[in-house]
Amino acid sequence: MLLTTLLIQHPEAITDIVRQTPAWVGGLLAGLTWLGLSSTRSRDVHIGRLALMPVAMGGLALWGVQSAFASTGRLIELLALWAICYAAVVAAGWNARAPGGTHYEPATRSFHMPGSWVPLLLIVLVFLMKYGVGVQLAMEPALAHHTGFAFATTAVYGALSGLFAVRSLRVLRLARRPGATLATSI
């Protein structure tokens with residue numbers, strides 16, 4: 001039975017699912033939520049943190065692919081699919097501009113960025129996807145060998161990772177143009 005079907009038919013099952021979840025998962029969610037919430041207000045972000053975010057979230061997504069599908073014998077082709085989806089999203093967003101009001105401070109190697117709820121949304125999506133896939137596979141391990149499930153899951157992981165990369169790249173480009181500020185928001 002699919003997790004969504006179970007939860008629709010028996011919403012009380014969420015209590016058992018959460019109860020059986022290791023405590024460290026709650027800690028990870030709390031940390032990721034804090035990170036996402038910190039993006040909702042204007043702030044200064046060091047260039048290293050801005051560059052690290054897509055790497056960390058891409059790593060979480062790749063871990064999701066590896067942990068879910070390593071035993072299927074399709075890991076290489078799934079990693080290739082992840083890379084293709086990642087590259088497609090990066091290519092599609094390559095010319096996107098940084099959010100309005102974003103500017104680079106060369107002296108501190110940091111960016112002043114306006115607040116946005118998008119990072120929190122993306123972080124929660126990656127977490128919930130990893131969590132949901134893990135629960136689903138714990139309930140029905142054979143699903144990992146289902147081609148459609150494996151390919152759809154991997155494609156979404158790749159696309160979400162690409163979105164994190166695009167969001168950072170469009171801001172990092174401002175470092176090449178010190179003092180640049182964008183007046184329009186995209």
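The values are calculated or read from the model by the stated rules, or taken from the named source; none is laboratory data. Note that the coordinates shown come from a computational prediction; the quantities given were computed from them, not determined experimentally. Please note: Cβ atoms are built from the backbone with ideal geometry, for glycine as well, and neighbour counts cover all protein chains shown. With ligands, DNA and RNA removed, areas are computed over all heavy atoms of the protein, side chains included. Shrake-Rupley method; radii C 1.70, N 1.55, O 1.52, S 1.80 Å.
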How many angstrom separate the Cα center of segment 8-52 from the Cα center of segment 112-143? 8
Relative contact order of the chain, defined on C-alpha pairs under 8 angstrom at six or more residues apart (%): 38
Read-out Kirkwood radius over Cα pairs in Å, candidates (i) 17.1; (ii) 20.0; (iii) 17.9; calculated match is (iii)
So, with a 1.4 angstrom probe, what is the percent of accessible area on segment 1-142 that is carbon and sulfur? 69
To the nearest 20 debye, what is the magnitude of the charge dipole of the chain about its Cα centre, counting +1 on the Cβ of each Lys and Arg and -1 on the Cβ of each Asp and Glu? 820
Find the accessible area per residue for segment 37-186; the probe is 1.4 Å, ligands and nucleic acids are left out, and the unit is Å². 49
Expected sort for 84-90, 48-54, 166-172 on mean C-beta neighbours within 10 Å, highest first, is 166-172, 84-90, 48-54
How big is the accessible area of S67 in square angstrom, nearest 10, if you roll a 1.4 angstrom probe over the protein chains? 60
